[in-house]
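Report on the following structure.
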Amino acid sequence: MLTKEQLRDWVNEYSDELYRFIIMRVQDDALAKDLVQETFLAAFKSRSRYKQGSEPLAWLYTIIKNKMIDHYRARQRKPTHSLDDQPHIDAVLFDSKGGWKYKPASRFFSADMGKAERDEFWDILRDCQGDLPEKQRLAFVFKYLEGWDSEQICKELDISSSNYWVLIHRAKLKLRQCLETKWLNA
Amino acid sequence: MMNCKEATRAIEKKAEGKLSFWQRVQLNVHLVMCKPCWRFKAHWNIISLFLEKTPAKHKLSNSDKNLILNKIDDEI
């Protein structure tokens, strides 16, 4: 069974990885740190379920993912966070005939960029994610960071599949636009 | 003829295998002719590539780690 000493070692060894994981998925740094802390405490509480010798990080990931989902669900219940009240990005980017008003620029991040530029990408992405309405942001996180399929996402967000396409489409339009703008202006 | 708004949505549907044969043909024709939509698709290919690997740059400070350790000492 997991001992307190072992748990302390885990904090030193795995807290960075858990933080790295969660910081891209929640918008608030203080919350990310809280969730990391809670994860270790929860691990100790359910220590009878940990098998000595099995991979600690895999187990900790399971716990922190559950914490993240709990957090999303709690937020979803607050109506102020689920309202999609910004002007729709499709109306901003496209004219009434569905043609581009603001065309994607030729300059963009490229696949062969070095480490510094990739780090910059993640900073900007985090910023841009924060500008998305809550449901769009969650659809994006579940799809692109968690790799969930559309059925799972519809179930979690309690939306229809046509709603799902609208959310993902808007999230993609808005994120790309935001990445481009913030990167070109950086 | 598919317009750009429809085409950008169809790109996603195609990636998830949810586009009919006829829609795929329409999308491909559109992408050949429409540079902005082609760019939209290319940009998202890059974004998806980047998203596959989360960066190692985020780290907790020692004082953050100590906070967790202190909490463990308090509660356990």
Helices (runs of 4 or more DSSP H) enclosed by chain B - at least 1 residues per element that are in contact with a Cys (Cβ under 7 Å, 6 or more places away or on another chain), within 10 Å of chain A (Cβ to nearest Cβ) and crowded, with 16+ Cβ neighbours inside 10 Å: B:4-15, B:35-51
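Restricting to the stretch A:16-42, count the residues that are touching a residue at least 40 places away in the same chain (Cβ under 8 Å), under 21 Å from A:ARG73 (Cα atoms) and within 11 Å of chain B (Cβ to nearest Cβ). Explain how you work it out, then say what you get.
Of all residues in the stretch A:16-42, those touching a residue at least 40 places away in the same chain (Cβ under 8 Å) come to A:17-18, A:21-27, A:31.
Keeping just the survivors that are under 21 Å from A:ARG73 (Cα atoms) gives A:18, A:21-27, A:31.
Then drop every residue that is not within 11 Å of chain B (Cβ to nearest Cβ), which leaves A:18, A:21-25.
Summing the residues that are touching a residue at least 40 places away in the same chain (Cβ under 8 Å), under 21 Å from A:ARG73 (Cα atoms) and within 11 Å of chain B (Cβ to nearest Cβ) in the stretch A:16-42 gives 6.
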Enumeration of residues in the stretch B:11-30 that are under 19 Å from A:GLN177 (Cβ atoms) and either among the basic types (Lys, Arg) or at pLDDT 95 or above (or both): B:ILE11
Those residues of the stretch A:96-114 which are more than 21 Å from A:LYS174 (Cβ to Cβ) and either more than 7 Å from every other protein chain (Cβ to nearest Cβ) or among the aromatic types (Phe, Trp, Tyr) (or both), in sequence order: A:ASP112, A:MET113, A:GLY114
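Looking for whichever is over 18 Å from B:ASN62 (Cβ atoms), modelled with pLDDT of 90 or more and not basic (Lys, Arg) here; the options are A:GLU5, A:GLU13. Which one fits?
Values: A:GLU13 fails: over 18 Å from B:ASN62 (Cβ atoms).
The conditions single out A:GLU5.
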From A:TYR72, A:TYR102, residue being part of a helix (DSSP H, G or I), of a type in the set (Ser, Thr, Tyr) and touching a residue at least 12 places away in the same chain (Cβ under 8 Å): A:TYR72
Search result, residues across the stretch A:35-55 that are of a type in the set (D, E, K, R) and either assigned by TED's automatic domain parsing to the domain that holds A:ALA139 or surrounded by 17 or more Cβ atoms within 10 Å (Cβ to Cβ) (or both): A:GLU38
Qualifying residue in the stretch A:123-132 (condition: within 15 Å of B:GLU12 (Cβ to Cβ), within 14 Å of another protein chain (Cβ to nearest Cβ), touching a helix residue (DSSP H, G or I) at 6+ places or on another chain (Cβ under 7 Å) and assigned to a helix (DSSP H, G or I)): no
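The values are calculated or read from the model by the stated rules, or taken from the named source; none is laboratory data. Please read all numbers here as calculations on a predicted model, not as lab measurements. No Cβ is skipped: glycine too gets one built from the backbone with ideal geometry, and neighbour counts run over all protein chains shown.
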